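Here's the structure, in structure tokens; my notes come after.
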Amino acid sequence: MTDIFEAKERLLQDLKWNENPFVKDLRVFDRESFVKHYCPFESTAILQKLAFDAKACLLTGPKGVGKTSALYHVFYSLPEDSFLPILLKEPPASVDALAREMGLVKQNGLVDGLLSVFRGKKIISREELARRVKAVDRKVVLFVDEAHLVASKEMYMEFKYLLDEASNLRLVLSSLGQEGFPDSLMHLIGSKNVFTRKNFSRDEMKRIIERRISAVGGKGVAPFDDDFLGEVFTEQNLLTPRYVFDELNAQLAKIAAGEAVAAEEEEVEEHVEHPYARDAFVMDVVQRAREDKITTAHAEWWVMLSPSQQGVMKLLLTRPEGVTLNEIIAELKLAQNTCFNALYQLRGEDDAELKRKPEVPFPLVEVKPKLVGGRKKNIYFVNAKVRNIFTLH
């Protein structure tokens, strides 16, 4: 079993990584480490809002999309000479609890602590808290994570009143949604200061991976290639970086164990796109085919195809050398499931689709498997028997 640990260290050395970038929980590390590894999205917009004196911002989205990390990025990025950031991991139960968690209540020692047992603890009012906030010589930015967990909805209004009373107070909240927030608070926040993150696009997830790899000394997305990432970037995995990181760590383990090959170059798709790149005659035919216009005038059944099916067909008609599923997704900017279902139906493998559209001469698309780097890939083409229907010559 110790061999796998040695193999891991050898892999990191080969990749010139000083550590595995996909196991790091940035929130428990220092400011420098966080900013170095973190790939910002909504946090950049929130920083811009705070820089131009927005009173409050709200970031919403399901669990796992990085709301807490976004708050930490804003927290770490504020200039200390102008802002006093205070981050609460959950909403306080009362104004008094808020004042104490913000560190604006001074403890006067053991004697006062013992006397408070007999006299009762002095409760800090909203007016007193507002006075103490205004006494700070900087803008106080209060971050409240998981704001939907507030014990009493009245605290939402307390936040609103505090913002009204303390001109130097700013509020940044994260929550699963806007439900439960009073209209008066949402009006103060403003619709343009509400940000939502539900999932990540393929490009965004790739940027996250590149940022992490760069932070540990690597470059690009190596040892992963675009084909592998295309398989990993399913709609389910794109819900959160955690799912993608699990897949990447599993692949790293396979590479370390010799069960998978590391990609040395980031762009490996070129050989698949142009299998006859050195054949001038073939490439000339390919180029002319791309430039040729297509017509649907002879395909009366064209209107029966769905928009996604039409999009796939138009792309394949201009790419006689064939196209992979990942390329179709990238070109059409459609979800993976949408593209896969369109191809499945165009290949005539969906019995229900055949019954719905008997006039359509399925299959319109054919697939040919090809070995690339020891891995089988499916290359999609327009069926040769129907291609001529769409040409103008």
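The numbers here are math on the coordinates, done by the rules we state, and not lab data. Every value quoted in this text rests on a predicted model; they were computed, and no experiment measured them. Backbone-built Cβ (ideal geometry, glycine too); neighbour counts: all protein chains shown.
A few remarks follow.
- Taking every alpha-carbon pair in region 42-196 and binning the separations at 10 Å intervals from zero gives 10, 41, 34, 11, 4 percent.
- Neighbour-count ranking [beta-carbon atoms within 10 angstrom, fewest first] of 229, 98: 229, 98
- The calculated FRET efficiency for residue 9 paired with residue 295, based on their beta-carbon distance and R0 = 56 Å, is about 0.40.
- Between residue 350 and residue 16, the FRET efficiency estimated from the beta carbon spacing at R0 = 45 angstrom works out to 0.40.
- Sites residue 253 and residue 127 - FRET efficiency at Förster radius 56 Å, r taken between beta-carbons, to 0.05: 0.45
- Distances between placed amide hydrogens fall under 5 Å for residue 57 paired with 171, 172, 173, all partners being 5 or more residues away or on another chain.
- Amide H contacts of residue 379 (H built 1.01 Å from N, under 5 Å, at least 5 apart or other chain): 368, 370
- Net charge dipole, region 42-196: roughly 180 debye, given to the nearest 20, about the Cα centre with Cβ charges of +1 for Lys and Arg and -1 for Asp and Glu.
- Neighbour-count order for 143, 75, fewest beta carbons within 10 angstrom listed first: 75, 143
- Legend: ranking of residues 139, 198 from fewest to most surrounding C-beta atoms inside 10 Å; resulting order 198, 139.
- Taking N as its residue count, the alpha carbon Rg of region 183-264 over 2.2 N^0.38 Å: 1.46
- Over 22 Å between alpha carbons, listed pairs 67/192; 55/153; 333/377; 16/63: 16/63
- Taking label positions 7 Å along the Cα-Cβ direction at both residue 210 and residue 33, the computed distance is 2.6 nm, reported to one decimal.
- 3J(HN,Hα) from dihedral phi, region 347-359, Karplus parametrisation 6.51/-1.76/1.60, rounded to Hz, x for glycine, proline: 7, x, 9, 9, 4, 5, 5, 5, 6, 5, 10, x, 6
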